[in-house]
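The structure appears right after this line, and notes come after that.
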Amino acid sequence: MESLYFFFSFATITSCFAFLPSLTVSDLISNHSILPNFTATYLQLLENNGSFLNSINGTFTASTQSASQRSSSFYSSIFIIHQPTHTDIWKANGNKSISNTAKLSLTIHGLSITDGFIWSTPAFSSPVGALRLLETGNLVLVDNMNVSLWESFNYPSDTIVMGQSFPVGKSLFSFAGDTNLSAGDYRLTLAGDDLLLQWMGQTYWKLFMDINAYRNSNKPVSYMVVNNTGLNLYGDDGTVVIQVNLEASSFRMAKLGSEGRFTIMSATADKWVEEFIAPEYSRVPAICGKMGVYDTGKMSCKCPSGFYRGSGENGGCVPKDNTLSLPTACNSDANNGSGMNLMSISYLKLEDGMDYFANNFMAPEELGVNLSTCQDLCSKNCSCLGFFYRNHSGNCYMLRNDLGSIYTGTENRIGYIKTSLSASSTTVSKKEEKFPVAGMVLIPIFGFFMLITIMVLAILWLRKTRYSKVVAATNLGSWNSSSSVPELTVTTLPVALELHKQGMYLKLADPRLEGRVDGEEVEKMVRVALCCVQIVPELRPTMAEVVAMLEDRLSLSEPRIEALNFLQSFGGRLTKHTQN
């Protein structure tokens, strides 16, 4: 009898549990809204692809897993996914990795991801009543009076969609890669006058400069919207300031890609159609890594002359001369804020037609200066990694802090990239601090023959100028007025340097030509000659540049005093020449 009682009791309890609802993963997915005190682990949500909330018609899904995530790495985030195209349109900020035990929680204080601390919404003045996912793709927290406390549309990541207002001062940020969802280096920023693309703080594209953009007003920009007609930048009063007209579309989004390009796409069935994309690949700052050049014809990267492909993880190009290296800017950890020794600095000239993306979007550092002045400005500034110079205007552009890719342009600027002696070369130079005897002999001999060469060029130049004056100006010989035949010796070099420092060029001319030669002619010959004997080979002009300077087709270079101080070794007795 007792056993029969237990049998019926067990059967009764079993039948009661049979009518209780079973808790499955699908119970964690809600439609339209979730109330506070909701908690789920990432592991639980992962069984349903991370989804925990759908918009009322299922157009959008809130998930803890990216639609494009294919790697085993998890990123601490909440994603809003456009279901028809399986595309992420929003990601909660946060770049920390998480474990499977991380929890997604909704409380009266807000929405959060915890694994330690990962991410949360800010504090609110009133308690949260519900979390809602709207049919626009906007994830919203409301209070008990249905007043919005927080919206994902106010915190855009890399995308904006129809129905979303993008105000001045806001930025989209790129991801580091298609599967690396940490923040990248590109930004799309709405300024008061235009829409800008920037890399490491440097502008490389403006909407109004694009052929497809039209400016309708000069009023300040207040906000941007993607709608069924295209992309529009509005003023405070709703006036369209700048617009990009596109074909009508029921759903459209604008996205900043991980490669640094801005794209507007329209949804067609289950796929996207690209309607607008900018800039072209060759104008993307880091498309080919540091110093790389994008070959538009081959759609591949190459290195400029004098460089070869490096082995670093970011690719890029490095000098072929292994005694040289590309320096880091003084604001980077590698440089620790210290400037480089000027004697270790040299420059590699880029091929004609090459240019840098930032030059078209910044004012010149200096206007109307000569090439040597532009070079000196860069050499003395540790944040300068190179410079571009425009001959006909004398405009000087500096490349600062971060060095990206080079492109082929038509702006007629000449580029020079700063290099420094590599660590191994510096070590060798320190060991040879006492200038070797061979160098003491060879350099002045080189200078001697270089001066002879300049004299020959000057004589050829006589056909267009006054013969007697130029011969006198190029005669850096003896200062003994009683000497019938001036002598050109290596001791002339330090004397010329000393008088150059004092600006006393006429003292180098033969006294018998007094009144028949002016200081400018003598100065030209002396400066060119001194440039040719600078100890750093890269600082010496080519023969073509020498001829151009003599014929006034090229700005006269300024010899670097620090690269000429070695000449004092040959001076010894300068006083008697430089006095009086």
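Kindly indicate whether ASP178 is of a type in the set (D, E, K, R), touching a strand residue (DSSP E or B) at 6+ places or on another chain (Cβ under 6 Å) and over 29 Å from LEU35 (Cβ atoms).
Values: of a type in the set (D, E, K, R): yes; touching a strand residue (DSSP E or B) at 6+ places or on another chain (Cβ under 6 Å): no; over 29 Å from LEU35 (Cβ atoms): yes.
Judged against the criteria, ASP178 is not a match.
Here ALA269 qualifies as modelled with pLDDT under 95, more than 29 Å from the chain's Cα centre (by Cα), surrounded by fewer than 20 Cβ atoms within 10 Å (Cβ to Cβ) and more than 25 Å from MET362 (Cα to Cα). Condition check for GLY192 on (1) in the same structural domain as ALA62 (by TED's automatic domain parsing); (2) more than 27 Å from SER258 (Cβ to Cβ): one failure, at (1).
Within region 480-503, is there a residue that is assigned to a loop (DSSP other than H, G, I, E, B) and modelled with pLDDT of 70 or more? Yes - at least one qualifying residue is present in region 480-503.
Checked against the criteria, PHE208 does not count as out of contact with any Pro (no Cβ under 6 Å at 6 or more places or on another chain), aromatic (Phe, Trp, Tyr) and surrounded by 15 or more Cβ atoms within 10 Å (Cβ to Cβ).
The residues of region 242-263 that are within 19 Å of MET209 (Cβ to Cβ), over 23 Å from the mean Cα position of the chain (by Cα) and surrounded by 20 or more Cβ atoms within 10 Å (Cβ to Cβ), listed by number, are ILE242, VAL244.
All conditions but one from (1) in contact with a Gly (Cβ under 9 Å, 6 or more places away or on another chain); (2) touching a residue at least 24 places away in the same chain (Cβ under 8 Å) apply to SER344; the one that does not is (1).
Before we move on, is VAL142 surrounded by fewer than 19 Cβ atoms within 10 Å (Cβ to Cβ), of a type in the set (A, V, I, L, M, F, W, C), out of contact with any helix residue (DSSP H, G or I) (no Cβ under 6 Å at 6 or more places or on another chain) and assigned by TED's automatic domain parsing to the domain that holds ASN227? In short, no. Of everything in region 57-87 that is among the small types (Gly, Ala, Ser) and outside any loop (DSSP other than H, G, I, E, B), the residue that is modelled with the highest pLDDT is ALA62.
Just the residues that are part of a strand (DSSP E or B) and exposed (fewer than 14 other Cβ atoms within 10 Å of the Cβ), please, taken from region 145-160. Give the derivation first.
As a first pass, look at region 145-160 and keep what is part of a strand (DSSP E or B): 148-151, 159-160.
Hit for region 145-160 is SER148, nothing else.
Within the option set ASN54, ASN48, ASN100, being modelled with pLDDT of 85 or more, over 25 Å from PHE173 (Cα atoms) and not hydroxyl-bearing (Ser, Thr, Tyr) holds for one residue only, ASN54.
Take the conditions (1) within 30 Å of MET343 (Cβ to Cβ); (2) surrounded by 19 or more Cβ atoms within 10 Å (Cβ to Cβ); TYR294 misses just one of them, which is (1). Filtered by the rule that a residue be in contact with a Ser or Thr (Cβ under 6 Å, 6 or more places away or on another chain) and not in a loop (DSSP other than H, G, I, E, B), region 355-378 gives PHE361, LEU371, SER372. Beta carbons closer than 6 Å, at least 6 apart along the sequence or on distinct chains, pair a first residue in region 390-406 that is closer than 23 Å to THR296 by Cβ with a second that is in a loop (DSSP other than H, G, I, E, B) and charged (D, E, K, R) for LEU403/LYS290.
The residue that is farthest from SER33 (Cα to Cα), counting only those in region 103-118 that are modelled with pLDDT under 95 and surrounded by 19 or more Cβ atoms within 10 Å (Cβ to Cβ), is ILE118. ASN232 passes every criterion in (1) more than 27 Å from the chain's Cα centre (by Cα); (2) more than 25 Å from ILE81 (Cβ to Cβ); (3) exposed (fewer than 15 other Cβ atoms within 10 Å of the Cβ) apart from (3). Per this entry, ALA176 is not counted among residues that are small (Gly, Ala, Ser) and within 29 Å of GLY58 (Cβ to Cβ).
Residues in region 251-272 that are touching a strand residue (DSSP E or B) at 6+ places or on another chain (Cβ under 7 Å) and under 23 Å from ALA176 (Cα atoms): 13 in all.
Answer yes or no as to whether LEU35 is modelled with pLDDT of 90 or more and among the hydrophobic types (A, V, I, L, M, F, W, C). Don't jump to the end; show me each part of the working.
Values: modelled with pLDDT of 90 or more: yes; among the hydrophobic types (A, V, I, L, M, F, W, C): yes.
So LEU35 fits the description; yes.
Residues in region 273-286 that are touching a residue at least 40 places away in the same chain (Cβ under 8 Å) and out of contact with any Lys or Arg (no Cβ under 9 Å at 6 or more places or on another chain) were compared, and the one that is nearest to TRP205 (Cα to Cα) is ARG283.
Checking each residue of region 178-188 against the condition of being among the hydrophobic types (A, V, I, L, M, F, W, C) and at pLDDT below 95 gives at least one match. Note on region 194-211: residues that are modelled with pLDDT of 95 or more and in a loop (DSSP other than H, G, I, E, B) total 1.
Suppose the filter is under 21 Å from THR41 (Cβ atoms) and in contact with a strand residue (DSSP E or B) (Cβ under 9 Å, 6 or more places away or on another chain); does ASP143 pass it?
On the way: under 21 Å from THR41 (Cβ atoms): no; in contact with a strand residue (DSSP E or B) (Cβ under 9 Å, 6 or more places away or on another chain): yes.
When the stated conditions are applied, ASP143 does not pass them.
The values are calculated or read from the model by the stated rules, or taken from the named source; none is laboratory data. Quick caveat, the model's predicted, so the values are computed rather than measured. Heads up, the Cβs are rebuilt from the backbone with ideal geometry, glycines too, and the neighbour counts pull from every protein chain shown.
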